[in-house]
Each structure stands twice: as C-alpha cells, then as structure tokens.
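The values are calculated or read from the model by the stated rules, or taken from the named source; none is laboratory data. The model shown is predicted, which means the values in this text are computed figures rather than measured ones. Cβ placement follows ideal geometry from the backbone for every residue including glycine, while neighbour counts extend to all protein chains displayed. To get the accessible areas, we keep the full protein, side chains included, count just its heavy atoms, and leave off ligands, DNA and RNA. Shrake-Rupley method; radii C 1.70, N 1.55, O 1.52, S 1.80 Å.
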Amino acid sequence: TYGFEPLATPAFEYTEALGKFLPDQDRPNAGVFSFEDEDKQWLSLRYDLTAPLARFVAQNYDQLPKPYRRYQTGSVWRNEKPGPGRFREFVQFDADTVGTDSPAADAEFCMLTPDTLEKLGIPRGSYRMRLNNRKVLDGVLESAGIDPKGESSAARRLVVLRAIDKLDRLGPEGVALLLGPGRKDESGDFTKGAGLGANAVERVLAFTQAGATTRKSFCDELERLVADSVDGRAGVDEL
C-alpha cells in the first residue's frame, strides 16, 4: 500500500556484520547464538531484522533506489535467559526507510503503523504510538559526559541504552542501578552498570521521565535537558 518492497535475509549472518555490540572475546556468544565455521569465521543467528538490512544496503547501496523502503517478517533469536513473555525465538515484523534524513519519512510511519494495526484488527484507541528522535537521546548522553559518536565510549554508551530500554520492566530504581554501579536480579545474577556519576544518572533518568500535558511543553522540557548539545537541540526541533 505504501510502496515498500519485501526483503528476505538469511537466518545466519557473519557475526562481524551484526554490529559492534558483541563483546571482544574468543567466543562472541553473549546475546546471540554463534558458531565458528570451517574457515574460522564466526556466524550468528540474527537477533533482529535491522542489522541484516544494514548489511544488505551496504552491499547494494549503488543499485538501490533512494530512499530505499523495505518490509520483512521473520524469526529472530536471542541467546538470553527466557522468562514470562520473553523467548529465545520470536517473530518480528519490520518496515524501514533508508537513504533520507527527511522527517517526512518518520511522518509516513505515523500513518503506516496505525493502518497496519487496524488491518490486523486492533482498533484505534486501543494502542499508543510513541515517537522519538535519536538526536535527543544523543544530546542527553553528551550532556551526561558520554560522547554519543566516539569509538572509545561505544561500550559504555551501549550499557546506557540497554538500561534505558529496561525502564518499563525495572522502573526508575532498577534503571538507576544499571546506569550506576550495576544491579543484581532476583536469581542473584549481577549485571555490571555503566558507572555514571550521580548527576549523569539523574540527567538520564530525567529524560526517561520527561512528560507534559502538551506536545510543545514536552519539547520545551526536552530542550532544557539538551540545552548544551547542538545535536540534541536539532532533534527537539525535528520532533
């Protein structure tokens, strides 16, 4: 309906193509299922559909139309402890636009998403769609003392992003521990934190807790959090 093309990618990818989130160790099995082939190359089951898309675009960039818009449905795998509602294998449906920085691409997804949900029988009013801008988050990280684009801070940045992603499940207190010294779960397993100082933790939590009654007042609140970041202010402007 929206002109997106179907794309199929293999279940396995070369591990190095799945991103730098993997730990630097002999066996890269944290978070993904991996094995070494006869040519001493590591292969991993895809953990989402976005990393294979990035690899496909990188290989075929000159031949693809710009922007390139594709959708894909398929199984993905996570090498982690299963729990209620969390499985090691599950199905994802993705739609992505690559090759433009226009906010119009995001606006299109604001139409595509509810249309898709309603085609699946989920009526309007029974779901909530959330809109974000990565530049705002980069601005928060920069204000917290983490270079959002630096190679040396990549591992620490990833710990912060994963901590934020657990807000719904762990709440602000659990996220604060993951941003700081670390957290021990109910089973006794310890997850090392990002090691941020108290002021930086407070700033990141303020971002996750930001809220207001109108869109303008919400953006005003975000702007105060990223006031000293050029990228952060640009992200608020786009929102």
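Taking only protein heavy atoms into account and a 1.4 Å probe, give the accessible area per residue of the stretch 8-128 in Å². Mind showing how you got there, number by number?
Values: 7790 Å² over 121 residues.
Value for the stretch 8-128: 64 Å² per residue.
Estimated from helical segments only, the mean residue ellipticity of the chain at 222 nm is -12000 deg cm²/dmol, where each DSSP H run of four or more residues counts as -39500 (n - 2.57).
If you add up the charges near ASN60, with Lys and Arg at +1 and Asp and Glu at -1, over every other residue whose beta carbon is less than 13 angstrom from its beta carbon, what do you get?
Details: positive: ARG55, LYS66, ARG70; negative: GLU5, ASP62.
Its environment carries a net charge of +1.
In the set (1) 8, 33, 37, 19, 3, 0; (2) 7, 26, 32, 19, 11, 5, 1, 0; (3) 6, 23, 34, 29, 7, 0, the label that goes with P(r) over Cα pairs in 10 Å bins from 0, in percent computed for this structure is (3). Of all lysines in the structure, those lying under 24 Å Cα to Cα from LYS40, and not within fewer than 8 positions of it along the same chain, are LYS20. Pairs of Cα atoms nearer than 8 Å and 6+ residues apart set the relative contact order; for the stretch 151-224 it is 22 percent. Simple point charges give the picture: +1 on the Cβ of Lys and Arg, -1 on the Cβ of Asp and Glu, and for the chain a dipole about the Cα centre of about 600 debye. Of the listed pairs LYS149/LYS192; LYS192/LYS216; LYS119/LYS216, which have alpha-carbon separations greater than 27 Å here? Correct reply: LYS192/LYS216; LYS119/LYS216.
How much FRET efficiency would the formula 1/(1 + (r/R0)^6) give for SER126 and GLU38, where r is the Cβ-Cβ distance and R0 is 41 Å, rounded to 0.05? Numbers along the way, then the final one.
Working: r = 51 Å, r/R0 = 1.25.
Computed FRET efficiency for SER126 and GLU38: 0.20.
Would the stretch 34-88 count as rounded, prolate or oblate if I go by the C-alpha gyration tensor, calling it rounded below 1.5 in a/c and otherwise prolate when a/b exceeds b/c, oblate otherwise? Walk me through the intermediate numbers first.
On the way: a/c = 4.28, a/b = 1.39, b/c = 3.08.
Cα axes put the stretch 34-88 in the oblate bin.
Got a number for carbon plus sulfur as a percent of the chain's accessible area, 1.4 Å probe?
Details: 7710 of 14960 Å².
Solvent-exposed carbon and sulfur of the chain make up 52 percent of the total.
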